[in-house]
Amino acid sequence: MADFEGAGDLSANELRYLAIDRSIINDPAVQAEWASKRLIWVPDENNGFATASVKGEKGDQVEVQVEETGRRFMVHRDDIQKMNPPKFNKVEDMAELTCLNEASVLHNLKDRYYSGLIYTYSGLFCVVVNPYKRLPIYTEKVVELYKGKKRHEVPPHVYAIADSAYRCMLQDREDQSILCTGESGAGKTENTKKVIQYLAFVAASSRQTRSSVSAVPNITAPSSTFTWGELENQLLQANPILEAFGNAKTIKNDNSSRFGKFIRINFDSSGYISGANIETYLLEKSRAVRQAEGERAFHIFYQFMSGASAQQRKEF
C-alpha cells in the first residue's frame, strides 16, 4: 500500500497511477540475487541498453552474458554502465540513484511508465512521459492531496510543482516561473493546462461563491459544491480559444501547438488570483495556406466548416 499522507482518501484506481508499494521492491532475496550476478548495462541495438552479467575480464575487454537472450560477447570496459541495486527500481527522484548514468535513467523512466507512473523527478525537474490516454489523477481529491504539501511528502506530480511555486511566491514574495519544455507531442500543452487548473483551484478569488469544478475539463467532483470566480473561469476558458486558432494536427501530434505562449498569472497579497494575461509569439502563419502531407491547417477552419450550414459552406 502507498504510505504517504492522504493516500487513504484516494481510490485504488487513483493510487495505482501515483505510487507503488515499496515493500515489494525492497525484497532482500531480490537484492541478494542482484549482488551475486554482478549485473551491468551493455549497449543494445534494439533497446539501447540490455541487462548483462560479467563472466570474465581480459584487460580492457569484458566478457558479458545478456540476461534475456543468453548471448555472450566481449565489450570494451568504457562501453559498460553500472546498474543500481533493485531497491532503486522505480525510484521517484532519479537524483537519488547511486549510479547516475544514461542507461539507469532511461530504465527507471521506462520501468515507471510501464507501471502507470508517468511523473518522475530528476532533481529540480519533473520528467513526464506522455501516456497518450486520460488518467484518473487530476480529480479534486488529488488536488486536495497536494495542497500545502512539501514535494517529498507526496508522489511526483505536476501539481506538486505548481504548489511548490505557489507556496514559494507567498512565502518569499517573489515571482515564480514554471517552464514546460519538450518535443512535439510530449505533453507541454496538457501539463500547462493542469498547472493553470491547479492554481485556479487553490487560489480562487471568490471562495464563498463558487460553482462546480465538473465544468472544468479533467477535474471532476460529482459531489462537490466548489465554484469558480469570474477570473478563474476566464483563465481556464482561454485555452480552447487559443488552441482553435493556434493548434493543428501534425504527423506526431493531433493537437500540436504551432505557436509559443507565455502565461502570466497575477496574485494579490492574500494569494488570490487578481488577473492574468497570455502573450503569444512565433505563430506558424504559413500553415494557413500550406501543410505537409498528412497534416492539417489550424483547427478553427475545420471547426468553422463543421458548424456551418449547407448554404454557408456554398458561399465560403
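Structure above, values below:
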{"item": "Rough spin-label spacing in nm, given labels placed 7 Å along Cα→Cβ, for Ala186 and Glu295", "result": "1.8"}
{"item": "Approximate spin-label separation Lys141-Phe259, in nm, with each point projected 7 Å along Cα-to-Cβ", "result": "3.9"}
{"item": "Label-zone membership for the stretch 26-57, site Arg77, 7 angstrom Cα→C-beta point, backbone N under 20 Å", "result": "38-43, 52-57"}
{"item": "Dimensionless Rg ratio for the stretch 1-99, taking C-alpha atoms and the 2.2 N^0.38 Å reference", "result": "1.38"}
{"item": "GluC sites (Glu not before Pro) within the stretch 169-204, DSSP loop, no more than 10 other Cβ atoms inside 10 Å", "result": "Glu174, Glu183"}
{"item": "Charge sum, other residues only, whose C-beta stays under 11 Å from Cys180's C-beta, Lys/Arg counted +1 and Asp/Glu -1", "result": "+3"}
{"item": "Spatially close lysines, pair count over the stretch 19-147: Cα under 17 Å, gap of eight or more or interchain", "result": "8"}
{"item": "Proximal charge balance of Gln197 [Cβ under 12 Å; K/R count +1, D/E count -1]", "result": "-1"}
{"item": "Contour minus Cα-Cα distance for Glu102 and Glu45 (0.36 nm per residue)", "result": "19.0 nm"}
{"item": "Per residue, in Å², the accessible surface of the stretch 76-178 once ligands and nucleic acids are set aside, probe 1.4 Å", "result": "54"}
{"item": "The stretch 1-127: relative contact order in percent, alpha carbon pairs under 8 Å with at least 6 residues between", "result": "20"}
{"item": "Cα centroid of the stretch 97-148 to Cα centroid of the stretch 281-307, whole Å", "result": "33"}
{"item": "Computed over the stretch 46-117: relative contact order in percent, which uses C-alpha pairs under 8 Å that are six or more apart", "result": "20"}
{"item": "Cα gyration tensor, the stretch 11-65 - rounded (a/c under 1.5), prolate or oblate", "result": "oblate"}
{"item": "Dipole axis of the chain (+1 Lys, Arg; -1 Asp, Glu on Cβ), positive-most option in Gln31, Ser184, Leu282", "result": "Leu282"}
{"item": "Which label in [x] 1.23; [y] 1.33; [z] 1.04 gives the computed Cα Rg over 2.2 N^0.38 Å", "result": "[x]"}
{"item": "Spacing of the two label points (7 Å from each Cα toward its C-beta) at Leu170 and Met305, in nm", "result": "4.9"}
{"item": "Structure-based [θ]222 nm, the chain - -39500 (n - 2.57) summed over DSSP H runs of at least 4, per residue, nearest 500", "result": "-9500 deg cm²/dmol"}
{"item": "Relative contact order (%) - the chain, alpha-carbon pairs under 8 angstrom, separation at least six", "result": "10"}
{"item": "Euclidean distance between Cα centres, the stretch 13-59 to the stretch 153-172, Å", "result": "32"}
{"item": "Apportionment of accessible area to carbon and sulfur, the chain, percent (1.4 Å)", "result": "51"}
{"item": "Net dipole in debye of the chain [+1 Lys, Arg Cβ; -1 Asp, Glu Cβ; about Cα centre; nearest 20]", "result": "740"}
{"item": "Contour excess over end-to-end distance, with Cα ends at Asp27 and Lys133 and 0.36 nm allotted per residue", "result": "35.0 nm"}
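The values are calculated or read from the model by the stated rules, or taken from the named source; none is laboratory data. Quick caveat: nothing in here was measured; it's all calculated off a predicted structure. Positions of Cβ are generated from backbone atoms using ideal geometry, with glycine treated the same way; all protein chains shown enter the neighbour counts. Keep in mind that these areas ignore ligands, DNA and RNA; they rest on the heavy atoms of the full protein, side chains included. Shrake-Rupley method; radii C 1.70, N 1.55, O 1.52, S 1.80 Å.
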